[in-house]
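Readers should treat all values here as calculations from the given coordinates under stated rules, not as data from a laboratory. Because the structure is a prediction, the values reported are computed rather than measured. Every residue, glycine as well, gets a Cβ built from its backbone with ideal geometry; the counts of neighbours run over all protein chains shown.
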Amino acid sequence: MQFHEKRRQQFLGENYYDFFTNCIEKTILHWRDHIPAIAGSDVFGRALAAGDVASQTFDLFILRYTGGEPIDELRDDFTKVIEAFELSTKCEREYSKDPHFPPLRFAEIDEYERGMQLIGLCYLLHRRDLLPRLAAMLDAFAAKDTLYEDLFAYELKDRYEVDEWYHDKPYRNLINSFYRDTPEESIVDVGKYLKAWYESMKKAPWHDSHFDTSENGGGYCGYWAMEAAAAVYLLDLDDQSFRDHIVYPKDLVDYARRLDNQPPAVILRA
């Protein structure tokens, strides 16, 4: 299959994909090799390096998804993303001397979005086993955000009921989708959310990065509202009305639903 046939967003060219994948992989390997060598007294340096590894590992994962990599492979490799954030969390907590310090800052919309994407991917990839590990890193935000709690509550017990959230736009629409009386109302909410999603991310450093996909610039890995797809999956909604929206990862919803219909042993081998 040609690259333009398997890529999942049309902004991604093959040359840029190959270049940027190689660039990120080299960066990850460099910092992985150097984090252990950073002196124990330089906890700030360790925290910076580990944070960069986590960010780059996630970016590479999203880039590979955008580039059309098989979802079965991504499902297996998602563990590496969580492990990278666990290392970042460990180093951040050593530096801050705070045992609950999170690896993401939810006050920043791009980092909040990343947190919601991570939770959503655990459901879409049938990696619910990773949710407790993610909660252990992020629960400094427990009882502080409705969407965060609603997503975790589908798998984890004793979550909190809360009526507040960090970012109203665009997340109010997605939050509303969890509380409607009918699926039809929830479908309308998700459609509104997808329409508002990209415009609402103007402050994110990756916003409009697709305008420069070259070796001289860029940073584009893909624009994906993973949390919207997770809501569609968890609420069992019909996605036909927004299925082809550019930021909606429809094949991840299809994948999650397909695995729902397979025996556990088959899922483990997937």
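Worth a mention:
- Shape category assigned to the stretch 123-270 from the gyration tensor of Cα positions, a/c cut at 1.5: rounded
- In terms of distances greater than 20 angstrom between alpha carbons, the cross-link table entries LYS192/LYS250; LYS90/LYS144; LYS6/LYS195; LYS80/LYS169; LYS6/LYS250 yield LYS90/LYS144; LYS6/LYS195; LYS80/LYS169.
- Residues of type aspartates and glutamates that LYS203 reaches as a straight line, Cα spacing below 16 Å, ignoring anything fewer than 8 places off in the same chain: GLU108, ASP110, GLU111, GLU113, ASP168
- Across q = 0.13, 0.22, 0.23, 0.28 Å⁻¹, the stretch 1-65 modelled as identical point scatterers on its alpha-carbon atoms has Debye log10 I(q)/I(0) values of -0.45, -0.87, -0.91, -1.15, in the order of the q list.
- Each stretch of four or more DSSP H residues adds -39500 (n - 2.57); spread over every residue of the chain, this sum gives -18500 deg cm²/dmol at 222 nm.
- Dividing the alpha-carbon radius of gyration of the chain by the rule-of-thumb value 2.2 N^0.38 Å gives 1.00.
- Zero-based 5 Å bins, Cα pair distances in the stretch 1-158, whole percents: 2, 8, 17, 19, 19, 16, 10, 6, 2, 0, 0
- Potential lengthening between GLU5 and LYS203 on full extension [0.36 nm per residue; Cα-Cα distance subtracted]: 68.2 nm
- With the highest mean first, a sort of the peptides 158-164, 226-232 on other beta-carbon atoms found within 10 angstrom per residue produces 226-232, 158-164.
- Here the extension length gained between PHE19 and GLU73 equals 17.4 nm, from 0.36 nm per residue of separation less the Cα-Cα distance.
- Relative contact order %, the chain, counting alpha carbon pairs below 8 Å whose residues are six or more apart: 18
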